[in-house]
Every structure is written in structure tokens, then in C-alpha cells.
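Notes to accompany the following structure.
Values quoted throughout were computed directly from the atomic coordinates according to the rules given, and no laboratory measurement underlies them. What you see is a predicted model; the values in this text were computed from it and never measured. Every residue, glycine among them, receives a Cβ derived from its backbone with ideal geometry; neighbour counts consider all protein chains shown.
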Amino acid sequence: MVHFYGLLTLQREPVPLKSISVSVSIYEFVADVSATLNYENAEKVPLEAVFLFPMDEDSAVYSFEALVDGKKIVAELQDKMKARTNYEKAISWGHQAFLLEEDSSSRDVFSCNVGNLQPGSKAAVTLKYVQELPLETDGALRFVLPAVLNPRYQFSGSSKDSCLNVKTPIVPVEDLPYTLSMVATIDSKHGIEKVQSNCPLSPTEYLGEDKTSAQVSLAAGHKFDRDVELLIYYSEVHTPSVVLEMGMPKMKPGRLMGDPSAMVSFYPNIPEDQPSNTCGEFVFLMDRSGSMQSPMSSQDTSQLRIQAAKETLILLLKSLPMGCYFNIYGFGSSYEAYFLKSVKYTQQTMEEALGRVKLMQADLGGTEILAPLQNIYRGPSIPGHPLQLFVFTDGEVTDTFSVIKEVRINRQKHRCFSFGIGEGASTSLIKGIARASGGTSEFITGNDRMQSKALRTLKRSLQPVVEDVSLSWHLPPGLSAKMLSPEQTVIFRGQRLIVYAQLTGRMPAAETTGKVCLKYTLQGKTFEDKATFPLQPKPDVNFTIHRLAAKSLLQTKDMGLRDTPASDKKDSLNLSLESGVISSFTAFIAINKELNKPVQGPLAHRDIPRPMLLGASTPLKIRCRSGLGKLKACSYSYDKTWMSLEKLPCLLERTHSSTHRTNLETYHAGFGENHLVQLIYHQNANGSWDLNEDLAKVLGVSLEEITAAHPAELVDSSGWATILAVIWLHGNGKDLKCEWELLERKAMAWMRVHAGSTMPLVVKAAITFLKSSVDPAIFAF
């Protein structure tokens with residue numbers, strides 16, 4: 001069971017935030033979200049309330065307004081410094097003011113200030129944003145409403161201007177003073193097959209017989225113990241499409257918001273190929289901070305993050321191709337490398353790495369990811385072995401822009417594949433470092449398996465490189481397309497490609513069409529995808545496509561207040577103000593000038609509390625008494641500013657007992673009872689298995705029986721053992737095939753060389769011995 005910790009402030013002040021209501025409108029693969037925060041001041045003094053909340057970093061926030069005692073006040077987007085000054089002045093003059101800003105160090109955290117909320121007064125603050133929805137491997141579109149904001153580790157040199165420096169109170173989930181409600185409406189011309197969620201939902205209500213429109217709502221009583229996730233399955237998601245949106249009528253042509261904007265979606269049909277024999281340098285950077293001792297999800301049976309990490313590293317190590325180079329780093333407040341530099345993948349180096357993985361613990365403190373990255377990039381390149389970096393972290397870093405900047409500087413020498421672990425992982429960090437280097441990002445929450453997502457990504461990284469990527473437009477004379485998205489240089493199989501463009505010039509008469517073509521080369525062959533679309537822009541009062549295009553452009557230029565070059569800073573500010581999409585350099589401010597009550601002294605300050613997953617912040621050493629009255633050291637996590645000792649004894653007891661249990665489970669269940677992991681653990685680097693007691697234990701037979709059934713005249717003992725192991729994998733681990741597919745291919749390749757023409761007979765003997773129903777055709781004789 002997932003536990004929560006911490007209490008309200010020691011002063012026990014009432015909290016003015018009463019509820020959060022969210023309305024989501026999803027059309028195809030774009031979500032338009034309206035979130036309303038309802039405040040009420042039940043105190044006898046005017047208040048200033050501050051609320052920090054997470055948001056997906058791809059979100060383009062374009063509207064902010066307040067409804068105060070029946071009066072609507074629409075916010076204006078201003079230069080951030082100017083907005084802050086105006087907010088402070090408004091408060092000092094007795095006006096009511098509202099401020100919304102993106103954190104200066106991370107695009108996925110926002111703060112909302114409600115200033116001069118009078119006694120008995122009510123205020124509803126609404127922000128609106130749009131975002132693209134990512135496509136999962138199984139074809140589902142994934143919408144996430146972030147509800148968990150974990151503490152972020154702040155390393156030396158980080159920005160002091162971050163709103164994450166504010167210490168907000170942390171409370172047990174049952175003590176949260178506000179509620180969350182959500183209603184989602186989904187529309188798709190392709191038809192909606194089903195909607196799934198990690199949270200209780202109302203039954204899906206279809207709004208028509210053709211199932212092109214549906215509605216779901218979040219069941220009452222959401223506990224803020226997880227992000228709210230919707231998985232939406234359409235009947236068809238791989239059709240290329242172009243959406244053309246009309247510009248703002250009052251805006252001059254030639255400007256982003258004045259011209260029509262196009263959103264182009266391609267699903268390149270890249271043929272699946274066996275992993276290429278070209279090798280590489282594979283570096284696995286694994287989070288070993290204290291928060292990795294937390295469960296993967298809030299479910300009682302959820303695996304610990306560190307245990308999933310260990311199994312993932314085993315699978316990755318076993319799946320690497322012979323002849324490549326590799327290294328493993330663990331990081332927290334400090335970092336450790338398994339080898340001084342990347343080493344060649346051999347039986348000896350693999351065994352040495354496995355031994356260290358087996359002993360790996362979440363024991364390195366905070367989340368200082370910048371230093372190990374810099375160390376990796378300082379290393380010399382290995383000729384003929386391009387660097388492929390795999391980063392696994394729960395993403396609790398304050399200054400994400402500094403990390404993304406470091407990855408971007410080194411983008412020519414590597415690709416970075418990133419994995420966000422658990423609830424509250426920083427989308428800004430995980431998506432940002434992948435985008436900066438031409439890699440891909442994955443998030444592992446709920447029932448997701450780290451092992452599956454990591455191995456699918458490794459398989460992707462081993463595929464032949466798609467080259468010569470180009471996008472061309474075929475438009476009538478007098479009309480041209482200006483690309484707003486960065487040039488696409490990397491395409492992976494199964495990946496959706498979205499680009500934005502601004503159409504400039506004279507729009508043609510009705511019933512005219514345009515065409516856009518995507519070309520790329522794979523192993524000497526040229527492929528082409530096309531999409532034809534009508535050149536009649538459609539109006540949209542929210543200008544969704546324009547704002548998504550602006551957000552895409554901002555992500556390439558806006559690297560935070562401190563790290564953005566001067567030229568990009570000016571462009572980012574102007575683009576943000578023109579499009580109405582918030583950035584690091586802008587903030588929304590609304591002022592109610594009708595309220596003119598001078599404030600007598602400083603406003604009472606109220607930080608809105610938030611829930612926290614156990615183990616998600618920094619560890620504290622506390623001296624506590626055991627049952628025998630002796631002092632012993634216990635580890636406990638908390639937020640230093642708002643900790644109260646009222647509930648500490650029972651929480652410490654619970655933490656100590658669960659830690660003791662999970663440590664035993666890590667040692668015994670992790671590599672003992674899990675026969676699949678145990679079998680994979682004993683595979684050799686070349687893909688083979690040895691005939692020994694370890695293999696016999698997994699197969700459930702004695703070594704003597706295996707030896708007696710061995711057709712020695714056909715194959716040696718290693719060949720016999722390897723065929724038995726592969727048959728066992730297919731018979732007992734088929735549900736997790738994506739996790740062992742690469743290492744099984746390596747075993748197959750080894751057997752074809754080793755057993756040769758006798759393999760069909762050996763396979764038949766092995767299937768008979770194991771009494772297996774596995775089809776011999778899997779061996780593709």
C-alpha cells in the first residue's frame with residue numbers, strides 16, 4: 001500500500017482552495033483542457049494564496065481568467081518581470097490580483113497567486129491549455145492530468161528564482177482540504193473503441209450510435225495519489241492527416257497568428273527489420289536516489305522502482321549485441337560508474353556488471369543528474385560505435401533547463417532515450433532531453449513495466465538508421481509553407497511524426513487541394529508517404545493549431561530565464577506575447593480594480609498543501625526508540641519546512657517494517673522466485689546457456705534427467721541447454737516476449753551456427769522432453 005506523510009502547517013490555518021474542476025475536450029489526438037480552481041476565504045483577514053501544480057511540458061497555456069463574486073476578469077499576458085511588478089503594485093493599492101506563471105527552471109511546474117482575497121469572498125480561477133496526445137505502442141492515445149508534484153532536487157548553481165524553492169505544506173491524502181473532478185469528451189471521425197484509466201471512471205457514455213463521440217468522468221473521491229491517465233483507443237490511428245486552421249482575422253498577414261497554420265501528422269510505415277549488426281556504445285544511466293525505493297505505483301502489489309530497475313538492467317545487458325561497448329552509471333547526490341570508461345561487451349565484462357547490478361540499491365541520496373551526464377560526454381568517442389544513452393529517473397530535478405542544455409550541446413555525438421519512472425516524474429526533463437538529442441521518451445506509471453518499455457526502446461535503437469528525411473509541399477502558385485517545427489533528422493519505426501507550418505500568400509478558390517510528402521531512405525531504399533488536404537482553413541475560436549505551433553517553436557528557443565541566448569530570448573518573448581502562449585519570459589496577470597481596499601499591513605500568506613508519495617523526497621536520519629527502549633537509526637522522508645511529529649511514530653514503524661520486508665523480497669523474490677529473470681540472468685553473452693543446476697531449477701527437472709535426455713550425438717551440452725531454454729521462454733514467458741525477444745534472437749543466431757543441420761532433430765527431442773506444446777516453427781529452420 002502506498003502511504004503519504006506530513007501534516008498541515010504548525011499554525012493549522014484554514015486553506016482557501018476548496019476544489020479543482022477540469023473539463024477536457026479531445027478531438028482526434030489534441031486535447032483542449034479547462035481547469036478551474038475554486039477559492040474561498042473563510043478567515044477574517046484578507047489572504048494571498050499560492051498554489052504550485054504540475055502540468056505536462058507540452059501544454060500550451062493560452063488563457064487565464066478569474067470570476068470574483070460574480071465578476072469576470074480576463075488576464076493579460078505580459079513580460080514576466082512587468083507582470084510581477086504589476087501584481088505587487090495592485091496588491092499594495094488594495095486591488096485584487098491574480099498571477100499565473102511557468103517556473104523559471106522547468107516547463108512542467110506552474111504557480112498561481114491569488115492576492116487580496118477578502119474575508120467571505122469567493123474566486124474561481126480558470127486556466128486553459130491545449131496539447132498533443134502521445135501515441136502508445138499498442139495504438140492508444142495517452143492523456144494525463146498531472147496530480148502529483150514531487151519535490152525537485154536542487155543542485156549547486158541552480159536558479160534561486162524557481163517557484164519550487166517555496167516550501168509548500170505536505171499532507172496525508174485523507175487530510176487534503178480540496179477535491180478534484182474531471183469530465184472528458186472525446187470525438188474522432190474514426191470511431192472510439194474504448195477508454196481506459198488508472199483511476200475509477202464513470203461508465204463510458206457514447207453520444208451517438210456510430211461511436212464517434214463519447215464522454216467519461218472521474219469518479220468522486222480521487223485521492224491525488226496518482227496522475228489521472230486516460231488511454232483512448234480509436235478504430236484507426238495510423239492515417240496521415242493535415243488540419244488547416246484559419247488565422248486571427250484582426251492579425252496582419254505574414255504573422256504567425258495572422259496566417260493559416262497547418263498541423264501535419266504522419267505515421268511512417270517503416271518496415272520491421274532484424275536488429276542491424278552495426279554495434280554501438282550503450283551507456284545506461286540509472287537513478288539510485290532514495291525515491292527509487294518507492295513502489296512503481298500506488299497498488300499494494302506494485303514492484304519497488306529499484307527492483308524493476310535491476311531487472312531492466314539485466315534484460316538490457318543480456319540483449320546487447322556482441323562486439324558493442326557499454327557502461328552503467330548510478331546517480332543520486334553523487335554518481336558511480338561500473339567501469340572507468342565504456343568496455344567491450346564480453347562474457348567477463350557482462351558478468352562483472354551483472355554482479356554489481358544484483359547488489360544495486362537506492363542509496364545515493366538526491367537526484368544530481370548533471371554531473372554524470374557531463375562525465376559521460378567528456379569521454380572519448382569510440383570509432384564506429386555511436387553513443388546511445390539510456391536515462392532512467394523519477395525526474396525530481398529542479399533546474400531541468402541546465403540538464404537539457406547539456407544534452408543539446410552534445411547532440412551531435414549521441415542519441416538520448418529517456419524514461420520517467422513513477423507518478424510526478426518531470427515531463428520537462430524526460431521529454432526535453434530526448435527531444436534535444438533526437439531520441440525518444442517514455443513514461444512508466446500505473447501498471448506499466450519498466451522492463452517492457454526499456455527493451456522496446458533498445459530494439460528501436462538497434463534498428464537501421466532512417467536517413468535523408470525531407471518534407472516537401474505541393475501548393476498552388478502564390479501560396480507557400482514556412483516550417484515552424486525543427487527539421488526532422490531521425491524517425492523510428494512505430495513513431496508518429498507531427499510538424500507545423502505557416503501558410504503564407506493568397507489562399508486559392510474553393511475545392512483546391514494541396515499535398516505534403518514525407519521522404520526518407522532506409523538501407524538504400526527510398527520511401528514516401530503522402531497526404532492530400534483541402535485548402536480551406538477552418539475557424540477555431542481557441543486557435544488550437546496556431547497555439548500548438550507556437551508551443552513547438554517555443555520549445556526550440558526557450559531554455560529558461562538563465563540559459564536562453566539573448567537572440568532567442570527576444571524571439572521567445574515576442575512569440576509568446578503574439579500567440580498568447582505562456583513561456584519562461586511571460587506571465588498572466590488579472591487585476592480587479594473595482595476592489596479598492598487598502599491593505600493594513602502584510603496580507604496573510606497561505607500556501608496550498610499537496611499530497612506526497614512516501615519516499616519521494618530527501619531522506620532524514622532520525623533517532624527513535626525501538627520496542628526494547630534502545631535508540632536505533634531509522635530512515636524517513638519528509639519536507640523539512642512543514643514536518644510535524646504528531647504522526648511520526650506510527651509512520652516510522654510502518655516505514656521500518658516495510659523496508660525490512662522489501663529488502664528481503666529484493667534479495668529472494670527478485671532473482672530467486674522469478675524464474676524468468678533467473679533464466680535470463682544465467683544466459684551467456686553470446687546468447688547460449690550452460691547445462692547446470694541453475695538451468696535445471698528453472699526448467700523444474702533434475703540435472704540428471706536433462707543429461708540423460710541429451711542427444712549428445714547431435715549437439716553438445718551448451719546447444720542442448722540453449723534449445724531447452726528457448727523453448728521454456730516461449731512456453732512460460734510469452735506474455736512478456738517483448739522483454740526477451742532480443743536475447744532470444746541472439747540465442748537463435750548462436751544455435752544456427754552451433755547446431756547447424758541437426759537443429760530440427762534437437763528441437764524435436766527438446767520439445768518431447770519438456771512435454772511442451774511450443775510450435776517447432778519458431779526456430780525457422
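What distance in nm separates the simple spin-label points at residue 704 and residue 241, each placed 7 Å from Cα in the Cβ direction?
Those two pseudo-labels are separated by 6.6 nm.
Would you tally the net charge around residue 701, using a Cβ to Cβ cut-off of less than 15 Å, leaving residue 701 out, and scoring K and R as +1, D and E as -1?
Around residue 701, the charge tally is -2.
Using r as the Cβ-Cβ distance of residue 504 and residue 741, and R0 as 60 Å, what FRET efficiency do you calculate, to the nearest 0.05? Display every interim value, and only then the final one.
Values: r = 47 Å, r/R0 = 0.79.
Efficiency, from the Cβ-Cβ distance: 0.80.
What percent antiparallel are the DSSP beta bridges of the range 17-234, to the nearest 5?
Just about 90 percent of them are antiparallel.
Could you pull out the trypsin sites (Lys or Arg not before Pro) across the range 285-334 that fall in loop regions by DSSP (anything but H, G, I, E, B) with no more than 11 other Cβ atoms inside 10 Å?
Numbers: sites: 288, 305, 310, 318; in loops: 288.
Those that pass, being in a loop and sparsely packed, number zero.
Of the listed peptides 548-558, 134-144, what is their order by residue-averaged count of other C-beta atoms within 10 Å, with the highest listed first?
In descending order of packing, they fall as 548-558, 134-144.
Kindly write out, for the range 207-222 in residue order, the coupling ³J(HN,Hα) from the Karplus curve 6.51 cos²θ - 1.76 cosθ + 1.60 (θ = phi - 60°), rounded to whole Hz, with x marking Gly and Pro.
Per-residue couplings from phi come out as 9, x, 5, 7, 6, 8, 9, 8, 9, 9, 9, 6, 5, 4, x, 4 Hz.
Under a straight-distance cross-link criterion of Cα-Cα below 28 Å, which lysines are reachable from residue 223, leaving out those fewer than 8 residues away in the same chain?
Here the lysines satisfying the reach criterion relative to residue 223 are 18, 122, 128, 167, 194, 431, 453, 640, 647.
Among residues other than residue 778 whose Cβ falls under 14 Å from its Cβ, what is the net charge (Lys/Arg +1, Asp/Glu -1)? Present the calculation step by step, with values, prior to reporting the outcome.
Values: positive: 734, 737, 745, 752, 764; negative: 741, 744, 775.
Here the charged neighbours net out to +2.
Suppose the chain between residue 777 and residue 181 were pulled fully straight at 0.36 nm per residue; how much longer would it get relative to their current alpha carbon spacing? List each step's numbers first, then the result.
Numbers: separation 596, 0.36 × 596 = 214.56 nm, distance 5.23 nm.
Difference between extended and current length: 209.3 nm.
Starting from the Cα of residue 538, step 7 Å toward the Cβ, then list every residue of the range 184-225 with an amide N under 16 Å from that point.
Answer for this model: 186-192, 212-214.
Within a Cβ distance under 9 Å of residue 324, other residues only, what is the Lys/Arg minus Asp/Glu net charge? List each step's numbers first, then the result.
Values: positive: 344; negative: 281.
Net charge around residue 324: 0.
Taking the alpha-carbon set of the range 675-779, what are its Rg and Dmax in Å?
Reported Rg and Dmax, both Å: 12.2, 34.
Too long at a 21 Å Cα-Cα cut-off: which of 80/538; 734/771; 89/557? Don't skip to the answer; put the middle values down first.
Working: 80/538 33 Å; 734/771 17 Å; 89/557 31 Å.
Violating the 21 Å limit, Cα to Cα: 80/538; 89/557.
How big is the dipole moment of the range 675-779 about its Cα centre under a simple scheme where the beta carbon of each Lys and Arg is +1, that of each Asp and Glu is -1, and everything else is neutral? Debye, nearest 20, please. All intermediate terms of the calculation are to be shown ahead of the outcome.
Working: 8 positive and 12 negative charges, 63 e Å.
Computed about the Cα centre, the dipole is about 300 debye.
Roughly how far apart, in whole Å, are the Cα centres of the range 528-576 and the range 340-364?
Between the Cα centres of the range 528-576 and the range 340-364 lies a distance of 44 Å.
Working from the alpha-carbon coordinates of the range 17-234, get Rg over Rh, Rh being the Kirkwood radius.
0.99
Filter 72/551; 72/569; 482/551; 250/482; 310/344 down to the pairs with a C-alpha to C-alpha distance above 23 Å, please.
Working: 72/551 27 Å; 72/569 32 Å; 482/551 16 Å; 250/482 21 Å; 310/344 21 Å.
With Cα atoms farther than 23 Å apart: 72/551; 72/569.
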